[in-house]
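First comes the structure, then the notes that go with it.
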Amino acid sequence: MSRRLLLGYGLLAAGLIAAPWVLDAYQVDVLNSVGLYVLLALSLNLILGDAGLFNMGHAAFYAVGAYATAILNTRLDVPVLWALPAAGLLAALFALLVARPVIHLRGDYLLVVTIGLGEIVRIALVNDVFGLTGGGNGIFGIARPMLFGVKIRKPEQFLWLIWGFVAITVFLFHRLEQSRFGRALTTLREDPVAAEGSGVDTGRYRLLAFGLGAAWAGMTGSLYAAKMTIISPESFSFWESVVVFLMVILGGSGSIPGVMLGAAIVVLMPEVFRDLAQARMLVFGLVMMVMMIFRPQGLLPWRARRFRDGDLRRARADRAAEAPAAAGGAAGGAPP
C-alpha cells in the first residue's frame, strides 16, 4: 500500500472521528448510509472489478443477509451482531447454489441472468416464502445491536460500528488483492484465456469470488437491518443493484479507493442537490453521462503494480547470492 493511499485513509479516519462533533444527527446518518453503500460496492467490486463478472442482482445477496438477521433476531432472539456471520454464510451459500449452473456465462448473458435472480428473490420476499418474510409489509421489531454491553441506537454510535466494519473490510480486501488469490482474479479479469493457460482454475475462482462478494453483501444487509429495525422487499429492488453497479463503474472497477469514492459521490450528490427537487436527478444523470464520455475508466482506476529499477537490481543480486550456495549444496551431495 503506497504512502499516498495510507495518507488518504488517515485523513478519512480523522474526518470520521471528528464528524459527530462537527455535523448534526442527520448529516451523521447520511455518513452511515455512505458507509453501508461503501461496503456494498466493495463486495460487488470483488465480483465485478476483480473477477470481471457482470452482476446486476447484487441486491439479492444483500436481502438474504438482512432477512436472515431479521428472522434470527425476531423469531429466535439471536443478538444482531451474533447473526452477522450467519447472514454472510447464508448469502454465500445461496450465491454458490445459484451461480454454479451459470458461472460459465460471460458478459451480457451473465448480466441478464443476475437481473432475473434479483427479481426472483424480491418476488419471493413479497410472497412471504414459508411464512417467514412478512410479505410486502416486511419484518418489524428488529433489536438494536449490543456491543460491549452498550445498546447502539444513536447515529454517532452507528458511525463507529459501520465505519469500523468498513476499515476491517478495506484492510482485508487490500491483503486479498496482494495474495495469490487476488493475483489470480486480476489475471482472470484481464484475460480469461491466458489465465486458464497459466493453470488458473477459472470456474473455481469465479465461484469463490462470487461467494465471497455475496458473503460481504449479506453481512452488510445484517448491519442495515440492525440500523433500520425494519426491512421490506422495496429496500432490495432492482434499482438498488443498479446504484451499486454504478458506484463500482464510476469510481473505477477493481480499485478499492475508487469504489469508495464512487459510493460517496452517488450517495452524497442527491443530498447536495436536494433543493433542486426533481431536477437533481437530471443533474446527476448529466454528470454520469459526461463521466462515461470523458473518463470511462472511472475516477480512480485500478493500476497495475509497477516495479522500479532498484527492485529489479535487488532481485538480481538476491538471485546471484543464492546461486553459489545452491551450487555448493549440489556439489556436496554428489557422490565422489
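The values are calculated or read from the model by the stated rules, or taken from the named source; none is laboratory data. Note that the coordinates shown come from a computational prediction; the quantities given were computed from them, not determined experimentally. Neighbour counts run over all protein chains shown; Cβ positions are idealised from the backbone, glycine included.
Yes or no, residue by residue, for (1) of a type outside the set (A, V, I, L, M, F, W, C); (2) farther than 21 Å from residue 162 by Cα; (3) touching a Leu at 6+ places or on another chain (Cβ under 8 Å):
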| position | (1), (2), (3) |
| --- | --- |
| 59 | no, no, no |
| 66 | no, no, no |
| 70 | no, no, no |
| 74 | yes, yes, no |
| 80 | no, no, no |
| 89 | no, no, no |
| 93 | no, yes, no |
| 98 | no, yes, yes |
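Identify all residues within segment 124-134 that are in contact (Cβ under 8 Å) with a residue 24 or more places away in the chain and out of contact with any Gly (no Cβ under 9 Å at 6 or more places or on another chain); write none if there are none.
Across segment 124-134, the qualifying residues are 132, 133, 134.
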Worksheet item: So which of 58, 104 ends up being farther than 25 Å from residue 258 by Cα, touching a residue at least 60 places away in the same chain (Cβ under 8 Å) and of a type outside the set (A, V, I, L, M, F, W, C)?
Response: 104
Practice prompt. Test residue 115 against the criterion of being β-branched (Val, Ile, Thr), surrounded by 13 or more Cβ atoms within 10 Å (Cβ to Cβ) and within 22 Å of the chain's Cα centre (by Cα), and give yes or no.
Written response: yes
Worksheet item: Just to be sure, is residue 46 over 27 Å from residue 208 (Cα atoms) and not β-branched (Val, Ile, Thr)?
Response: no
Fill in: Inter-residue pairs, beta-carbon under 6 Å, first in contact (Cβ under 8 Å) with a residue 12 or more places away in the chain and in segment 254-275, second of a type in the set (Gly, Ala, Ser) and not in a helix (DSSP H, G or I), 6+ apart
258/252; 258/298
Discussion item. Taking the condition of being within 19 Å of residue 8 (Cα to Cα) and surrounded by fewer than 12 Cβ atoms within 10 Å (Cβ to Cβ), how many residues in segment 150-174 meet it?
Written reply: 1
Practice prompt. For segment 76-86, enumerate the residues that are touching a residue at least 24 places away in the same chain (Cβ under 8 Å) and either part of a helix (DSSP H, G or I) or touching a helix residue (DSSP H, G or I) at 6+ places or on another chain (Cβ under 6 Å) (or both).
Written response: 80, 81, 83, 84, 85
Discussion item. Of everything in segment 14-53, what is closer than 26 Å to residue 117 by Cβ and surrounded by fewer than 19 Cβ atoms within 10 Å (Cβ to Cβ)? Give them in sequence order.
Written reply: 33
Fill in: Residues of segment 43-69 that turn out to be under 30 Å from residue 128 (Cα atoms) and part of a helix (DSSP H, G or I), as a count
14
Worksheet item: Taking the stated definitions as given, is residue 235 of a type in the set (Ser, Thr, Tyr) and surrounded by fewer than 16 Cβ atoms within 10 Å (Cβ to Cβ)?
Response: no
Discussion item. I need the full set of residues from segment 120-139 which are out of contact with any strand residue (DSSP E or B) (no Cβ under 8 Å at 6 or more places or on another chain) and at pLDDT 90 or above, in order please.
Written reply: 120, 121, 122, 123, 124, 125, 126, 127
Item to complete: With respect to residue 136, determine if the residue is part of a helix (DSSP H, G or I) and within 17 Å of residue 44 (Cα to Cα).
Response: no
Worksheet item: Can you find even one residue in segment 19-26 that is in contact with a helix residue (DSSP H, G or I) (Cβ under 8 Å, 6 or more places away or on another chain), of a type in the set (A, V, I, L, M, F, W, C) and part of a helix (DSSP H, G or I)?
Response: yes
